[in-house]
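This report concerns only the one structure given below.
The values are calculated or read from the model by the stated rules, or taken from the named source; none is laboratory data. The structure displayed is predicted, hence computed values, not measured ones. Cβ: placed from backbone, ideal geometry, glycine included. Neighbour counts: every protein chain shown. Areas reflect the complete protein model, heavy atoms only, side chains present, ligands, DNA and RNA absent. Shrake-Rupley method; radii C 1.70, N 1.55, O 1.52, S 1.80 Å.
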Amino acid sequence: YQKIYYFSYDNVWRAAQLSLKYPIAVNNMDHGILETDFIKADDGFIAPIDDKIPSSGVRYKITLTLSKGKVEGREGVRVNINKMIERKRDFFAESESLISDGLEEKVIFYRMERELVIDEALKKAARAGG
């Protein structure tokens, strides 16, 4: 999952940090990597349309990769989100990789966009009030 934001890299990085509601394991702005610790599925995101309780053997981590560049002369930042989900059936079994439904990734993109829009509105109001 990826999206391009037409804001400064610093602002997008801040929005990404504010949008992740989990403990952060990697916070490297120079390399553009923001990664959470592993989150137990029953402690993490539960879709509002989902009525089943997540299995206790499922855990996941979210990695955001930010890349800055220019698109048609405008400064832009591409954000990639990777949600790695694994299920461990028992202590001896190998972990099984699962595929994300993409809903939490879309929620993170939405939160980031709201943070950026609110930040711009506050800056504009401060300049106008002056």
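Here are a few things to note about the model shown:
- Residue ID - nearest to Ala47 (Cα to Cα), chosen from residues in the stretch 74-85 that are touching a strand residue (DSSP E or B) at 6+ places or on another chain (Cβ under 6 Å) and not hydrophobic (A, V, I, L, M, F, W, C): Lys83
- Tabulated pairs, the stretch 18-34, first over 10 Å from Ser67 (Cα atoms), second acidic (Asp, Glu), C-beta under 6 angstrom, 6+ apart or interchain: Leu18/Glu115; Pro23/Asp37; Ala25/Glu35; Ala25/Asp37; Val26/Glu35
- Checking each residue in the stretch 72-110 for being assigned to a helix (DSSP H, G or I) and open to solvent by less than 80 Å² (accessible area, probe 1.4 Å) picks out Leu103, Glu104, Glu105, Val107, Ile108, Phe109.
- Residues in the stretch 22-49 that are outside any strand (DSSP E or B), touching a strand residue (DSSP E or B) at 6+ places or on another chain (Cβ under 6 Å) and among the charged types (D, E, K, R): 1 in all.
- Given (1) at pLDDT 95 or above; (2) over 20 Å from Tyr1 (Cβ atoms), number of the condition Leu66 does not satisfy: (2)
- Residues that are surrounded by fewer than 19 Cβ atoms within 10 Å (Cβ to Cβ) and either touching a strand residue (DSSP E or B) at 6+ places or on another chain (Cβ under 6 Å) or assigned to a helix (DSSP H, G or I) (or both), drawn from the stretch 1-12: Tyr1, Gln2, Lys3, Ile4, Tyr6, Tyr9, Asp10, Asn11
- Residue satisfying condition, being in contact with a Leu (Cβ under 8 Å, 6 or more places away or on another chain) and modelled with pLDDT under 90, within set Ala93, Ala47: Ala47
- Filtered residues of the stretch 68-90 (kept if closer than 22 Å to Thr36 by Cα and in contact with a Phe, Trp or Tyr (Cβ under 9 Å, 6 or more places away or on another chain)): Lys68, Val77, Arg78, Val79, Asn80, Ile81, Asn82, Lys83, Met84, Ile85, Glu86
- Looking only at the stretch 23-49, and only at residues there that are among the acidic types (Asp, Glu) and open to solvent by less than 90 Å² (accessible area, probe 1.4 Å), the one that is nearest to Val77 (Cα to Cα): Glu35
- The residue that is surrounded by the most Cβ atoms within 10 Å (Cβ to Cβ), counting only those in the stretch 50-71 that are in a strand (DSSP E or B) and without any contact (Cβ under 8 Å) to a residue 12 or more places away in the chain, is Gly69.
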